[in-house]
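Each remark here refers to the structure printed beneath this line.
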Amino acid sequence: MKADVGALSPAMADGALRLEPLAEAHRAGLADACAADTTIWDIYPSDWSPAGFDANFDAVLEAAHRIAFAILDKGVVVGMSSYLNPSAVHGSTEIGGTYLAPHARGTGINARFKRLMLERAAEAGFHRIEFRVDTRNTRSMAAVEKLGATREGILRRHMVTWTGHVRDTALYALFIDGFDEPV
């Protein structure tokens, strides 16, 4: 069975928490959310601080390999996340490009929107969900582990970030029920 990449795109909601396909209407709200923690961008592949925000926002809107969402809590943009490189043939995708404003961290929003994304992926026929996290980002690795993802290894010297840092990436995977896990 092939997974349905197109089925990943519609908005999702859990009460006052909404994931909306990222659009120009979210630019100002996401810019404000991203500006709330300018030091975090040193451990991200791209600079979403005020200096780099517009170029990165434009690139995400144009990216063919990314289905991006604005995360809204009670109508206010508090972050973003994406499905990356969804493969209908292989039934796999990555959830990444995630950021939450400082005031939204530790509130349960991360687990809630990731559950929405996982449920949507399952409904669309995906069976493997990956998470790739900079090994310096211990908070994100802990959050992914809380979701039940298994750390499969480290991609050493995996990418060069916008700061010039050569990043090691922790690779995690979560298998959606109904499919056999690899041996």
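Given R₀ = 41 Å, what would the calculated FRET efficiency be for E152 paired with A28, taking r from the Cβ atoms and rounding to 0.05?
For R0 = 41 Å, the calculated efficiency reads 0.60.
For the pair K74 and R115, what calculated FRET efficiency results from E = 1/(1 + (r/R0)^6), where r is the Cβ-Cβ distance and R0 = 30 Å, to the nearest 0.05?
0.95
Which distance in nm do the two modelled labels at A142 and A55 give, with both placed 7 Å along the Cα-to-Cβ direction?
3.3
For segment 5-175, give the magnitude of the charge dipole about the Cα centre (Cβ charges: +1 Lys/Arg, -1 Asp/Glu; no others), in debye to the nearest 20.
Dipole size: approximately 520 debye.
Count neighbours as other Cβ atoms within 10 Å of each site's Cβ, and list the trypsin sites (Lys or Arg not before Pro) in segment 1-81 that are DSSP loop with at most 12 such neighbours.
Answer by residue number: K2, K74.
Each value in this text was obtained by applying a stated rule to the coordinates, not by laboratory testing. The model shown is predicted, which means the values in this text are computed figures rather than measured ones. Cβ: placed from backbone, ideal geometry, glycine included. Neighbour counts: every protein chain shown.
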